[in-house]
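Q: Sharing a structure below in structure tokens format, with a few things to ask.
The values are calculated or read from the model by the stated rules, or taken from the named source; none is laboratory data. The model shown is predicted, which means the values in this text are computed figures rather than measured ones. Here the Cβ positions follow ideal geometry from the backbone for every residue, glycine too, while neighbour counts run over all protein chains shown. Areas reflect the complete protein model, heavy atoms only, side chains present, ligands, DNA and RNA absent. Shrake-Rupley method; radii C 1.70, N 1.55, O 1.52, S 1.80 Å.
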Amino acid sequence: MTEHISTTIRRFARSSTHTSTADLPSPIQTVVDDALSPLDRSLPVALCTVAGECSAVADAHGLTADAARLEAVLEPVREAVRFLEGYVRLRLAGSTTDRDTAVLASDYLHARAYAAVADSPIPDDRLVDCYRLLTRGSTALARRSYSELETESAVSPRVDAEATSAGVAGALGVAAVGGTTETRRCLRRYSYAVMSALAAQSSAATDDFHPRATAVNVLSGRPATRTRVVEERAPVEHADSTVATALERARDALESLAVDDADGRPLDGASSPLVRLERATRLPFQIG
């Protein structure tokens, strides 16, 4: 792809939504604001970030030694994921929101996702990969047809929509840092599976265990005094078969990503991205 074509793509993506949120009509602005999760509380954003970090390690990128550069690459992509999450949330809202307002707000968020990717300081080939992932994901979501992205057992439309957007988030994190096709595939499947488990039992929050918030903390490496995990590879005793199967698929997706350091020792420090990904499959999932 020539530099001229790349520049044109970026310019088009940025100009497709030159209006800031503050410039939107008040009803639409309110809906957009309500649809967006804070960056530090969004599960798809956390999945995108840790997938990029894991890929930087697993695929031996120079980004691993430059935290500032990795952050510069991932920050705009995280924003894109947050906008896509808001888009999905509005599409699932149904009759709870005025239809015309919701459609306009969701279209705005969809366009903002593409514009955000254009701001990432990534090479042309990665930019194209990210746009392809966004296009495939948003097309699947719009058509309510997920066969192109996921061939696992069917779940409810709501769970599938959330899981599909999470799968796109994981794949975007890998694509942004230039990870391999295999790493991208593994982390897309992982992200899809983890979100499937969480979305399928989202009603199982108790006073001291809020599954999604806990998963975000674990994936982000933030200390959480109430974060609990079960023993490694332990069966999910209190979850239904849908949740248990999704968690097993998430664990299986990580197995090929284990990497060793120069001395052949596993990279299994408590803060390593692979360990955080694995720990997120060992929360005390349960049903109410």
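Q: Any idea how far apart E75 and D107 come out in nm if each label point goes 7 Å out from Cα toward Cβ?
A: 3.2 nm
Q: When all protein chains stay in place, what accessible area (Å², nearest 10, 1.4 Å probe) is found for V88?
A: Around 10 Å² of this residue is reachable by solvent.
Q: For D100, what accessible area in Å² do you get when you roll a 1.4 Å probe over the heavy atoms of the protein chains, rounding to the nearest 10?
A: My reading of the accessible area for D100 is about 100 Å².
Q: What is the sum of charges around D40, taking Lys and Arg as +1, Asp and Glu as -1, for the other residues whose C-beta is under 12 Å from the C-beta of D40?
A: +4
Q: At 7 Å along the Cα-to-beta-carbon direction for both T30 and E182, put a label point, then send me their distance in nm to one decimal.
A: 5.3 nm
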